[in-house]
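Notes to accompany the following structure.
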Amino acid sequence: MVRALINCPKTAKKGEVIEIKTLISHVMETGYRPGADGKVVPRDILRRFTCRYAGQEVFSADLFPAVAANPFISFTTVATASGTLSFTWDGDNGFTQTETVAITVT
Amino acid sequence: MIRLVLPAALLATGFALAADIPANERRSGFDFMSSSTQQMQRDDTLNPAMLWVAEGEAQWSEAPAAAAKSCASCHGDAVGSMRGVAARYPAFDERRQKPVDLQQRINLCRETHQQQPALAAESRPLLGLAAYIGLQSRGLPVSPPQDARLQPARSRGAALFNTAMGQLNFSCAQCHNDNWGHRLAGSPIPQAHPTGYPIYRLEWQGMGSLQRRLRNCMTGVRAEPLPYGADELVELELYLNSRAAGMTVETPAVRP
Amino acid sequence: MNRLQVTRRTALIGSMSAASLLVLRPAAFATPTELAGAIAEFTGNQPVQRGRITLDLSPLVENGNSVSVSVKDDSPMTQQDHVTAIALFTEQNPQPNVIIARLGPRAGRAFLNTRMRLATSQKVVAVAGFSDGTFWSDQVEVIVTLAACVE
């Protein structure tokens with residue numbers, strides 16, 4: 001499994017704006033680079049990132065080859081209720097990965 | 001800082017040796033980076049090297065095969081048992097009767113105690129383990145062993161550091177002792193202290209070992225790079241670590 | 001020497017750099033027209049005004065492989081008044097798009113931080129769409145320094 005790191009507070013006060021930082025291992029091969037043999041290496045990128053809070057989409061992004069390798073995406077969300085945040089990355093060659101973290105809102 | 005005894009043959013050739021950098025003028029490559037790259041290293045939540053560290057941490061307690069022991073079965077919790085270990089490498093290996101670096105030590109463990117094939121140079125699992133073990137020395141001083149058996153190898157490493165090589169005919173010392181702080185193209189020349197390896201290098205868009213960086217420099221002066229695992233590379237690592245003795249371990253560092 | 005005279009050496013250098021350009025740059029760089037086209041596609045041909053949002057990235061970049069970039073706005077992020085999307089574009093990467101983020105009142109703040117690639121020194125443009133249908137932008141001219149020792 002590909003490694004992903006989510007940095008998100010475990011607890012928050014209701015209504016608090018929390019910052020979430022995500023990192024995932026991915027080459028983000030642009031499709032514009034020649035390999036050692038001189039042939040262009042086929043594109044292999046993550047195309048979409050989605051964050052859901054208790055199943056509801058709260059943030060998403062379309063990614064293009066200009067996103068740096070091992071993509072880092074940081075954004076904010078309002079802590080509404082205790083529950084699960086899920087993070088999904090979808091990409092070329094059937095890539096898909098989902099990570100979840102629990103948050104306790106008081 | 002350890003004083004080096006240079007081989008008589010080298011001195012006899014009259015090769016002009018660059019002056020060592022005085023201990024109080026030594027600076028980590030970190031100091032030469034932009035504030036944005038420094039920030040990437042300072043904050044673990046921004047540092048992509050932590051992806052490799054997380055892989056290494058998972059491997060530490062996973063048995064590599066059904067009958068094999070994990071690293072943790074012998075060494076326990078790395079947070080305690082590996083503290084300060086990476087800061088001492090390269091170190092002398094009894095069985096091989098020569099210095100080995102941290103990656104070689106990991107592979108010796110795999111072959112001898114886990115009965116597993118060695119991990120390939122620069123492979124994700126090897127860099128991950130090295131980064132995870134290295135992290136346990138973060139903040140500690142670089143502490144090369146005071147082991148007399150290392151001295152001949154360390155001297156050979158020092159000689160190689162001062163040997164001009166490649167079509168450009170540059171030695172390591174000409175850039176990193178004599179011209180640190182100046183620029184080569186747009187990039188500042190650092191002092192070549194290996195305080196943060198394995199590093200996440202933006203140029204590589206990934207993680208790499210000190211040997212990768214050394215081979216990179218050799219390519220830079222248009223010399224044929226020594227193969228991964230070559231004794232000469234380990235000797236150079238050994239010398240560089242003694243040259244950086246007392247500086248702070250930064251693993252896993254970020255470099256441009 | 002006559003500056004127009006083509007010596008064998010300059011001819012060689014010329015053909016060499018043309019050849020290496022072909023090898024290293026199989027794709028053409030995006031053009032200002034392509035940049036404008038990408039932005040128009042994002043906004044649905046709505047006009048874009050300068051201001052309101054802040055694009056933050058270092059004007060001097062030491063490696064174009066990974067450049068930290070953030071966009072923010074002090075929108076209250078209420079149901080009535082919020083940012084709906086933040087996008088980043090470049091003028092001279094092989095293609096103009098970088099990232100298009102969709103957000104809303106649940107974000108609490110209009111904020112995006114990521115790391116992008118810059119093929120060369122160029123202009124980076126951030127555009128944000130607002131719930132009132134307007135689009136606002138900010139831009140930064142970035143110099144990417146040339147690395148000496150590349151693998």
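The values are calculated or read from the model by the stated rules, or taken from the named source; none is laboratory data. Treat the numbers as computed from the prediction; the structure is a model and nothing was measured. For neighbour counting, all protein chains shown are included, and Cβ atoms are generated from backbone atoms with ideal geometry for every residue, glycine included.
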Taking the criterion of being part of a loop (DSSP other than H, G, I, E, B), assigned by TED's automatic domain parsing to the domain that holds B:Tyr239, surrounded by fewer than 21 Cβ atoms within 10 Å (Cβ to Cβ) and not charged (D, E, K, R), would at least one residue in region B:29-37 satisfy it? yes
For region C:24-73, which positions are within 11 Å of another protein chain (Cβ to nearest Cβ), outside any strand (DSSP E or B) and of a type in the set (Gly, Ala, Ser)? C:Ala27, C:Ala28, C:Ala30, C:Ala38, C:Ser58, C:Gly64, C:Ser66
Unmet criterion (only one of (1) surrounded by fewer than 17 Cβ atoms within 10 Å (Cβ to Cβ); (2) more than 28 Å from B:Gln205 (Cβ to Cβ); (3) without any contact (Cβ under 8 Å) to a residue 40 or more places away in the chain) for A:Tyr53: (1)
Only one of (1) more than 20 Å from A:Leu23 (Cβ to Cβ); (2) among the small types (Gly, Ala, Ser); (3) at pLDDT 95 or above is not met by B:Ala19, so which one is it? (3)
Specify which of the listed residues (C:Phe111, C:Phe130) is over 18 Å from C:Gln46 (Cβ atoms), among the aromatic types (Phe, Trp, Tyr) and out of contact with any helix residue (DSSP H, G or I) (no Cβ under 9 Å at 6 or more places or on another chain). C:Phe111
So A:Ala54 ticks every box in (1) on the phi < 0 side of the Ramachandran plot; (2) more than 10 Å from chain C (Cβ to nearest Cβ) but one. Which box is left unticked? (1)
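Among A:Phe95, A:Phe75, which is the only one that is farther than 18 Å from C:Arg109 by Cβ and aromatic (Phe, Trp, Tyr)?
A:Phe95 is the lone residue from the list that is farther than 18 Å from C:Arg109 by Cβ and aromatic (Phe, Trp, Tyr).
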Regarding region C:76-96, can at least one residue be identified that is within 14 Å of chain B (Cβ to nearest Cβ), closer than 21 Å to B:Gln205 by Cα and in contact (Cβ under 8 Å) with a residue 40 or more places away in the chain? no
Those residues of region B:87-106 which are over 19 Å from B:Ile199 (Cα atoms) and out of contact with any strand residue (DSSP E or B) (no Cβ under 7 Å at 6 or more places or on another chain) amount to B:Glu94, B:Arg95, B:Arg96, B:Gln97, B:Lys98
With respect to A:Lys39, determine if the residue is at the interface with another protein chain (Cβ under 9 Å from one of its Cβ atoms) and either more than 21 Å from the chain's Cα centre (by Cα) or surrounded by fewer than 18 Cβ atoms within 10 Å (Cβ to Cβ) (or both). no
Can you report the number of residues in region B:41-68 which are facing chain A (nearest Cβ under 9 Å) and assigned to a helix (DSSP H, G or I)? 6
Which members of region C:101-125 meet the condition of being facing chain A (nearest Cβ under 7 Å) and either surrounded by fewer than 21 Cβ atoms within 10 Å (Cβ to Cβ) or among the basic types (Lys, Arg) (or both)? C:Arg102, C:Arg106, C:Arg109, C:Asn113, C:Arg115, C:Arg117
Among the residues of region B:64-83, is there at least one that is under 14 Å from the mean Cα position of the chain (by Cα) and under 25 Å from B:Thr195 (Cβ atoms)? no
For residues in region A:1-36 being of a type in the set (Ser, Thr, Tyr) and at the interface with another protein chain (Cβ under 10 Å from one of its Cβ atoms), which is surrounded by the fewest Cβ atoms within 10 Å (Cβ to Cβ)? A:Tyr32
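Across region C:42-76, what is the total count of residues that are over 30 Å from B:Gln41 (Cα atoms) and surrounded by 17 or more Cβ atoms within 10 Å (Cβ to Cβ)?
Of the residues in region C:42-76, the ones over 30 Å from B:Gln41 (Cα atoms) are C:42-52, C:75-76.
Narrowing further to those that are surrounded by 17 or more Cβ atoms within 10 Å (Cβ to Cβ): C:42-43, C:48, C:52, C:75.
Matching residues across region C:42-76 total 5.
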Just to be sure, is B:Pro225 within 12 Å of chain C (Cβ to nearest Cβ) and more than 26 Å from A:Ala68 (Cα to Cα)? yes
